[in-house]
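For reference, the structure discussed in these notes is given below.
The values are calculated or read from the model by the stated rules, or taken from the named source; none is laboratory data. As the structure is a computational prediction, the values presented were derived from the model and not from experiment. Ideal geometry is used to build each Cβ from the backbone, glycine not excepted, and the neighbour counts take in all protein chains shown. These accessible areas exclude ligands, DNA and RNA; they are computed on the full protein's heavy atoms, side chains included. Shrake-Rupley method; radii C 1.70, N 1.55, O 1.52, S 1.80 Å.
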Amino acid sequence: MTLEKTPPTPPVPPSGADGAAVAPDPPEGAARPGTGPTAASLARARRRRSVARFWAAYRTHRTGLFGLVGLASVALLALLAPLLVGGDVASVTDAPGKALEKPSGAFPLGTDQFGRSLLGLLIWGSRVSLTVGLLAAALSVAIGTLVGIVAGHYGGWFATVVMRITDWFLVMPALVLAIVLATVMSRSIWTVILAIGVTSWPTTARLVRAQTIAVESRPYIERARALGGGHRHIMTRHVLPNVMPLVLAQTTLGISSAILTEATLAFLGLGDPIVISWGGMLQDAREAGAVSSGHWWYLAPPGLAIAFVALAFTLCGRAVEAVLNPKLGVSR
């Protein structure tokens, strides 16, 4: 007699309280469905690691740290200026001291020709000088980056025309062009920012164009074109991220130049007369005859503040450039 084998009964999947089937648990060590890292989380993790590597390399530059601490101190004073000196520091009618007093306990930096505290004016003026420097440098770098990427990407006669215009701006003295713009336009802080921004972009444009040409010669750009990537896709998704380190370094270096240019325009009387800035303080000292009468405390504070902030931005810019491009061999 032959015995027939009974096929094994398949396992019944577990069911929930309502009778619906419940998926079995994954093997130990396997990722549960829907709980793995997403593309956004991976991108954030890469950015955090990049920032950590940048800071680890940056803090090895002692001069860069000195510049960063100095800038942080000036920025903190600028933010706390309304609390430290009050908004009436520029008032001429309610000046707390006498005209052109020497430094003393009541006025550590002395007073101006109206009896206002120079220390208060110096702290309040940092707000305008830093704002003008940051915004003007941002405008300049934005224009230069746009021109450089477009000229480097398209090439041909278009790039030739654009670069000849850039060369014209480059050979013309930027200060002279800024003076012309500040003269024909209304006297305000926004005029100064516009005058500095539209006259100091050619250097950034040439650097970004050279970097764009180098990036577009790489194989992955050809693959992007073969897969149907358009001009906008290539410029924004492939070229721009690769030129951003150069743009960042150029921005930090351009802020110091923008602050010096703003001080020069204000010293020449082309700034807003109702706005307190370090350059405007030098202009007031010149009009008060501080140079000929020997009132050194009127000239020294704003001049030293301009030099200190410009030096701090330059040191930070050199450190950033050395971190992003170690082949430069910038000393620490």
Could you check Lys102 against (1) in a helix (DSSP H, G or I); (2) open to solvent by 70 Å² or more (accessible area, probe 1.4 Å); (3) out of contact with any Asp or Glu (no Cβ under 8 Å at 6 or more places or on another chain) and say which number it fails?
(1)
Residue list for region 307-332, restricted to those being β-branched (Val, Ile, Thr) and either at pLDDT 90 or above or in contact with a strand residue (DSSP E or B) (Cβ under 8 Å, 6 or more places away or on another chain) (or both)
Val309
Can you tell me how many residues within region 234-274 are without any contact (Cβ under 8 Å) to a residue 60 or more places away in the chain and among the small types (Gly, Ala, Ser)?
1
Per the filter on region 76-97, residues open to solvent by 60 Å² or more (accessible area, probe 1.4 Å), in contact with an Asp or Glu (Cβ under 9 Å, 6 or more places away or on another chain) and either outside any helix (DSSP H, G or I) or at pLDDT 85 or above (or both) are Asp94
Members of region 58-75 that are surrounded by 16 or more Cβ atoms within 10 Å (Cβ to Cβ) and either closer than 20 Å to Phe308 by Cα or of a type in the set (Gly, Ala, Ser) (or both):
His61, Thr63, Gly64, Leu65, Gly67, Leu68, Gly70, Leu71, Val74
For region 114-138, how many residues meet the condition of being more than 19 Å from Ala307 (Cα to Cα) and either free of Cβ contacts under 8 Å to residues at least 60 places away in the same chain or outside any helix (DSSP H, G or I) (or both)?
4
